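Take a look at the structure set out below.
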């Protein structure tokens, strides 16, 4: 998990975090423009954070444990064996592991350079930004276990769809010679040297791993706190100021149109997978259909800047276009299926 904002430094050693800045600016604006709504907004956000706190704590500790043990080395196993096995393993690990696409850019670049099939990499890229253990807990705590489970199944399924479709079309002009000549190995998460050695499950026996656990817990705790605080404030304001009739008119009702609109709106409107959860909760309360909610989180998750940058950095535009196309098609299909069973 990594900070999805891009801070800038007006002065050496001083950085402005955009999430905290946005939260402060919004609260000041509410206090100045509508004081009567200030405390209800703060109270709503605080109560929502307290409700989600157990999920946040568990998620932070779980991810810190996986980082400290070096569990990301297990991802290498997804790219071993027959191509069909690679695709299945890559989609499953992408949808279940706590490592986002941009965190594993060095590994993916190395695998592609060594000849790993693009189909397996595509499966991982599509599933990875959609779900991880922390996101599952946050989603289930707000939108319910059923929605979180359905999104997890959708993440793995879309990874499989994209992986096998890429395998079948591997010799087409779209996927021929897919890599950039000089891949830009970088991204929002920073680049480190990962995937060496075997996981050490008793990480506390080594001082560097203990430090990794502490640093990861602090980083992810602050990350979730700031984005969820901002999201819950936005949820409170949305519920108060945005007419439910307007949301219901655009994203409510039966049929495929609200689901397609959910995917189209989700792509540019997405903050990140964690901040999106309270916003979707507010939209559902105002009349958004379940199918549109699912298509919103799927399309937004795959096309959000951090996930998209990870793909764009390594492959040519035509392969990137296929990645986005898989995401939009998968989002609509997931929305349609969830609308029928929810």
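May I ask you to list the residues in region 234-250 that are modelled with pLDDT of 75 or more and not in a loop (DSSP other than H, G, I, E, B)?
Passing the criteria: 234, 235, 236, 237, 238, 239, 240, 241.
Does at least one position in region 263-271 carry a residue that is under 16 Å from the mean Cα position of the chain (by Cα) and not in a helix (DSSP H, G or I)?
For region 263-271, residues under 16 Å from the mean Cα position of the chain (by Cα) and not in a helix (DSSP H, G or I): present.
May I ask you to list the residues in region 128-169 that are in a loop (DSSP other than H, G, I, E, B) and closer than 22 Å to residue 308 by Cβ? Steps first, please.
Keep residues of region 128-169 that are in a loop (DSSP other than H, G, I, E, B), which gives 128-132, 144, 169.
Residues satisfying the conditions are 128, 129, 130, 131, 132, 169.
How many residues, within region 306-323, are in contact (Cβ under 8 Å) with a residue 24 or more places away in the chain, assigned to a helix (DSSP H, G or I) and either closer than 18 Å to residue 108 by Cα or in contact with a strand residue (DSSP E or B) (Cβ under 6 Å, 6 or more places away or on another chain) (or both)?
Residues in region 306-323 being in contact (Cβ under 8 Å) with a residue 24 or more places away in the chain, assigned to a helix (DSSP H, G or I) and either closer than 18 Å to residue 108 by Cα or in contact with a strand residue (DSSP E or B) (Cβ under 6 Å, 6 or more places away or on another chain) (or both): 8 in total.
The values are calculated or read from the model by the stated rules, or taken from the named source; none is laboratory data. Bear in mind the structure is a predicted one, so any value in this text is a computation, not a measurement. Quick reminder, even Gly has a Cβ in these numbers, built from the backbone with ideal geometry, and neighbours come from all protein chains shown.
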